[in-house]
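Novice: One structure, as structure tokens, below. Some questions next.
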Amino acid sequence: MSEQARLYAMNAEYDSAKKSQVVTWVLWIFLGAVGGHRYYLGDIGYAIAMTLLAWATFGIWWLIEAFLINRRIREKNRVIFNDVAYRYGGAAQPIHLYRY
């Protein structure tokens, strides 16, 4: 496989796997109180906690999430990119940034 074909395949895989900022924000608006946006981002444990504790936080947790979403999307997409690059030989090792 040529270098150009490898990069094209790597970019195509990344584009199909990366998380959309628009989808995340729409999920936050409609399902944010129960962690819908966190399920989408793959933060299952965090999302389950939000689902179970939504009633106890009176919506405050939902509002705090508005300040954390963009950073989490960037971190998640960085992990996805590094995993894809690793599979295509573009990085030394996969980098995982699980903080939640």
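Quick note: the coordinates plus some simple rules give every number you see, no bench work behind them. Just so we're clear, the structure is a prediction, and the values are computed from it rather than from any experiment. Heads up, the Cβs are rebuilt from the backbone with ideal geometry, glycines too, and the neighbour counts pull from every protein chain shown.
Novice: Hey, what angle do you get for helix 60-87 against the long axis of the chain, alpha-carbon based, 0 to 90 degrees rounded to 10?
Specialist: The answer is roughly 20 degrees.
Novice: Follow-up question, since we're still on this one. Can you tell me the 0 to 90 degree angle between the C-alpha axis of helix 3-17 and the longest principal axis of the chain, rounded to 10?
Specialist: For helix 3-17, the angle is close to 10 degrees.
Novice: Follow-up question, since we're still on this one. Mind ranking 48-60, 28-40, 67-79 by how tightly packed they are, going by the mean number of other C-beta atoms within 10 angstrom, highest first?
Specialist: Packing proxy ranking, top to bottom: 28-40, 67-79, 48-60.
Novice: Which residues does a label at A66 reach in segment 25-54, if reach means a backbone N under 12 Å from a point 7 Å past the Cα toward the Cβ?
Specialist: Zone members listed by number: 29.
Novice: How much length is gained on full extension from R74 to T57, taking 0.36 nm per residue of separation minus their Cα-Cα distance? Present the calculation step by step, with values, prior to reporting the outcome.
Specialist: Working: separation 17, 0.36 × 17 = 6.12 nm, distance 2.61 nm.
Extending this stretch completely gives an extra 3.5 nm.
Novice: Further question: Add +1 for every Lys or Arg and -1 for every Asp or Glu among the other residues with Cβ under 14 Å from the Cβ of Y39, and state the total.
Specialist: The answer is +2.
Novice: What label, among [x] 16.7; [y] 17.3; [z] 14.7, belongs to Kirkwood radius over Cα pairs in Å computed from the structure on display?
Specialist: Only one listed value fits the structure, namely [z].
Novice: Obtain the nm distance between the two label points defined at F30 and M1 by a simple spin-label model: each point lies 7 Å from its Cα along the Cα-to-C-beta direction.
Specialist: About 3.6 nm separates the two model spin labels.
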